[in-house]
1. Asp92 to Asn157: extension gain in nm, 0.36 nm per residue of separation minus the Cα-Cα distance?
2. Quick one, can you get me the convex hull of the C-alpha atoms of the range 20-71 expressed as volume per residue in Å³?
3. Accessible area per residue for the range 32-142 in Å², computed with a 1.4 Å probe and the full protein assembly in place, what is it?
4. As a test, work out the antiparallel percent of DSSP beta bridges whose residues both lie in the range 1-141, rounded to the nearest 5.
5. The range 93-168: percent of C-alpha pairs farther apart than 14 Å?
6. Mind pulling up the Rg/Rh value for the range 1-45? Radius of gyration and Kirkwood radius, both on Cα.
7. Ignoring ligands, DNA and RNA, what percent of the accessible area of the chain is carbon or sulfur (1.4 Å)?
8. Top mean-square fluctuation among Leu146, Leu129, Leu101, Gaussian network model of the chain, C-alpha springs under 10 Å?
Amino acid sequence: DGKTLTVTTASTKYLKGNYDVKISKAKAASTLKEIENTYVKISASDTVGPVVSKVEYNKATDKFEVTFTEPIDAKTGEVVRVNGQPVSAGFDTLSAPTNKLTFARPSTVELGTTASVYVAGLKDAVGNLMTAKTTDVVLEKDATALEVAEVKQLTNNTVQVEFSKKLN
């Protein structure tokens, strides 16, 4: 809108407490007059846990992807179930902070079906617990043909071939 300035901290810093904010040298586009030093006191704290904003099945990677409204802390007591069965393996390594939890499709979940995905127990960086969420996800079958995506030489005696999708 041209009137709003948003300041975001580094990804590992979080606002918590009382702050004195100094605003100076701001100038409207329509005038040459600058704002003199203006001081504002603010109080900031994060009291809301992460919320699941989207759950998808990625047929190219054969993985479920759970997206959150804010970064989650890496592996903090998560509970994940697919069709009522606990998922304890196949999670991608999380490097906090991240907004996404990704895990492999359990072998008991068939393509071409709808799976019920339950997620709970995750916290944000300041320890706020998420609200548990159950979402139905359609697992479409991948009808595209396997293709070679890239071939590259890694060393003098090693070549790497990357395909367009996961191999069996």
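1. Details: separation 65, 0.36 × 65 = 23.40 nm, distance 2.93 nm.
Stretched out fully, the Asp92 to Asn157 stretch lengthens by 20.5 nm.
2. 169
3. Working: 6360 Å² over 111 residues.
So the range 32-142 comes to 57 Å² accessible per residue, rounded to a whole number.
4. Values: 35 of 35 bridges.
About 100 percent, rounded to the nearest 5.
5. Values: 2196 of 2850 pairs.
For the range 93-168, the fraction of Cα-Cα distances above 14 Å is 77 percent.
6. Details: Rg = 13.3 Å, Rh = 12.7 Å.
With Rg and the Kirkwood Rh in hand, the quotient comes to 1.05.
7. Values: 5980 of 11800 Å².
Its accessible area is 51 percent carbon and sulfur atoms.
8. Maximum among the listed residues: Leu146.
The values are calculated or read from the model by the stated rules, or taken from the named source; none is laboratory data. As the structure is a computational prediction, the values presented were derived from the model and not from experiment. Cβ sites come from the backbone with ideal geometry, for glycine too, and all protein chains shown count toward neighbours. These area figures cover heavy atoms from the full protein model, side chains too; ligands, DNA and RNA do not enter into them. Shrake-Rupley method; radii C 1.70, N 1.55, O 1.52, S 1.80 Å.
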